[in-house]
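Below: one structure, written as structure tokens.
Values quoted throughout were computed directly from the atomic coordinates according to the rules given, and no laboratory measurement underlies them. Model, not experiment: these values are computed from the prediction. Heads up, the Cβs are rebuilt from the backbone with ideal geometry, glycines too, and the neighbour counts pull from every protein chain shown.
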Amino acid sequence: MESTLAQLNQNPFPYIEDEEAAAKRRSRITLYGQWTLGILLILLWELFARWKIIDSYYWSSPSTIWKTAYTAFTEGTLLEDLLYTSGSTVLGFILGTFIGALLGLSFWWSYYYSRISEPYLIAFNAIPKLALAPVLVILFGIGFSSKVVLAFMMTVIVTALAAYSGVKAVDKDLEKLMYSLGAKRWHVFTKVVIPTSMPWIVSSLKINIALALAGTIVGEFISSRQGIGRMILYAGQIMNINLVWVGVVVLSLLSILMYFATVWIEKLLLKGRSAP
Amino acid sequence: MHKLEIKNSSKIFRKNNKDFYALKDTSLQIKEGSFVSIIGPSGCGKSTLFNIIAGLIKPSTGEVLLDGKDIVGRNGYVGYMLQKDLLLPWRTIMHNVILGLEIKGISKKEAISQAAPLLERYGLGGFENHYPDELSGGMRQRAALLRTLLYDQDIILLDEPFGALDAQTRLLMQEWLLQIWVDFKKTILFITHDIDEAIFLSDDIYILTQRPGTIKEKVTVPLARPRNEQTLLSTEFIELKEHVLKQLKTEE
């Protein structure tokens, strides 16, 4: 045994295949590359504005945006606006996703109920809900609740349709197995239908958070006393384009943050499953 | 009294305004603790018969008596394992195996303490916390069968459980199944279209005809137990195989 090992070791640098290390290296280099590209783009934006290649009156520049944001944050109401917008977005998103999922899942219970409702669900989904915003603002007032309702409207049907797709994908043989084990319909619903539909519901989360934010912003555009949307509209009216950019950047950051939060929720909900 | 008796069961379906029999006038008498196989060409109504016994569909005519009690159209009285293993992919092996107990309303803790020694003893020790995706076909079938077993009914229906396994694994699984049958003293009904498998495992074999499915012959297997690979080579085995083969051939 020792002699064979010794023979093997005669080559001081044997080539060892290590796929794990290679994969780690690949993802590390990718991450560095992504950060570098981002920083480079911001740097180019800044330099182009300083060298007057782009007109900084319209396009602003990262440093100006930073300064404007700082002022708006310390002297203005940027923080309150941010909380207002993110609050209504998240609340509308949660309500829309939760109620939408329940609605979609409920279609499992009855053949006729689901088949009769389905065309109306699709029709309702086709309505451009943002076009209804003025009506909703009149109905629910110019305060917080009308924004929540808009965010809710944007997400509820999408989620319901996603959950319904999941319901349709439930394996008939699994239902049969459950009944052979003496299951009642409730058991099948909780132990098979909900877990089967979960990946479908979860896949709608990422789209939903962006839709909810769009709903809230439009609500604020139409009529509001607070929120980033209102801030952008106001800044545009007084030709403070730098402040418009601050709004856009803050909304982008909010959107990215909420995106990562949903990725985290996804992982939590699909724990222990291999990727579909 | 027989443990399970199926009396003159038929199942008629209507398609394109034409009626056809999936199962016609079938009667079976199953003794307590016996291992009975049902063999026949595909589409002969074997699975229909099982669905009727399991109470998942209603027969057009006839009765299903368990210990003399009519169980037509009532589910949950027999253990039923379908062709596919049907393990829930989001549950670990342990949580799959205790599914039937959970439905009965037994607490998870209690169910796990019941299941743990079984998993250990029947070749799934160390895999309790694995997900079905991580297991081989044979292991998955073991888990599916233990799930049926743990549900603890006197009669277990097995619908071609080893159909998708390779020959070597299949033989191992057959011996494993016989071990379980001996240990638990269950009555087993087994669907297969593999003649070797039917003879190797069974006390009785029912040969079903091509559509409309009806019983052509009941063959009693006189081979001594315990059986092993040597059994497969004995003259009695080969003669019996010849007989069953001939019966099935005239069906085609």
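List of remarks:
- Contact order relative to length of segment A:63-269, as percent, for alpha carbon pairs under 8 angstrom and 6 or more apart: 30 percent
- Sequence-ordered 3J(HN,Hα) estimates for segment B:91-105 from the Karplus curve with 6.51, -1.76 and 1.60 and θ = phi - 60° stand at 10, 5, 4, 4, 6, 6, 5, 8, 3, x, 5, 4, 5, 5, x Hz, glycine and proline given as x.
- Amide H contacts of B:PHE190 (H built 1.01 Å from N, in plane; Pro and chain starts excluded): B:VAL36, B:SER37, B:ILE38, B:LEU158 sit under 5 Å, all sequence-distant by 5 or more or on other chains.
- With contributions of -39500 (n - 2.57) from each DSSP H run of at least four residues, the per-residue ellipticity at 222 nm computed over chain B stands at -10500 deg cm²/dmol.
- Residue-averaged 222 nm ellipticity for chain A, from DSSP H runs of 4+ at -39500 (n - 2.57), nearest 500: -25500 deg cm²/dmol
- Note on chain A: with a GNM built from Cα contacts shorter than 10 Å, the maximum mean-square fluctuation among A:SER88, A:SER106, A:SER27 falls on A:SER27.
- Counting only DSSP beta bridges with both residues in chain B, the antiparallel share comes to about 55 percent.
- Along segment A:14-28 the Karplus relation, 6.51 cos²θ - 1.76 cosθ + 1.60 evaluated at θ = phi - 60°, assigns HN-Hα couplings of x, 7, 9, 6, 10, 5, 5, 5, 5, 5, 4, 4, 4, 5, 5 Hz to successive residues, with x for each Gly and Pro.
- Cβ-based exposure ranking for B:ASP67, A:ASP18, in which fewest neighbours within 10 Å come first: A:ASP18, B:ASP67
- Greater than 21 Å apart at Cα, pairs in A:LYS191/B:LYS11; B:LYS7/B:LYS69; B:LYS11/B:LYS241; B:LYS58/B:LYS216; B:LYS84/B:LYS241: A:LYS191/B:LYS11; B:LYS11/B:LYS241; B:LYS58/B:LYS216; B:LYS84/B:LYS241
- Sequence-distant lysines (8 or more away, or on other chains) whose Cα lies within less than 24 Å of A:LYS67: A:LYS52
- Each part reduced to its alpha carbon centroid, segment A:211-226 and segment B:191-252 end up 74 Å apart.
- Dipole magnitude of segment A:145-276 about its Cα centre (Cβ charges: Lys, Arg +1; Asp, Glu -1), debye to nearest 20: 340 debye
- For chain B, built as a Gaussian network whose Cα springs stay under 10 Å, the top-fluctuating residue of B:THR61, B:THR148, B:THR214: B:THR61
- When A:TRP66, A:TRP200 are sorted by how many other C-beta atoms sit within 10 angstrom of their C-beta, beginning with the fewest, the order is A:TRP66, A:TRP200.
- Amide H contacts under 5 Å for B:TYR80: B:LEU157, restricted to partners 5 or more places along the chain or on a different chain, H placed in the peptide plane at 1.01 Å from N.
- Between B:LYS216 and B:ILE207, B:LEU208, B:THR209, the built amide H atoms are under 5 Å apart, and every one of these is 5 or more places off in sequence or on another chain.
- Taking B:ALA116, B:ALA144, B:ALA224 in turn, the Gaussian network model of chain B (Cα-Cα springs below 10 Å) assigns the largest fluctuation to B:ALA224.
- Cβ crowding within 10 Å ranks B:MET94, B:MET1 as B:MET1, B:MET94, fewest other Cβ atoms first.
- Bridges between two residues of the protein assembly as shown, per DSSP, are antiparallel at a rate of about 55%.
- The HN-Hα couplings worked out from phi for segment B:63-69 by the Karplus form 6.51 cos²θ - 1.76 cosθ + 1.60 (θ = phi - 60°) are 10, 10, 10, 10, 6, x, 9 Hz, whole numbers, x standing for Gly and Pro.
- Separation of alpha-carbon centers, segment B:43-74 and segment A:35-96, rounded to whole Å: 70 Å
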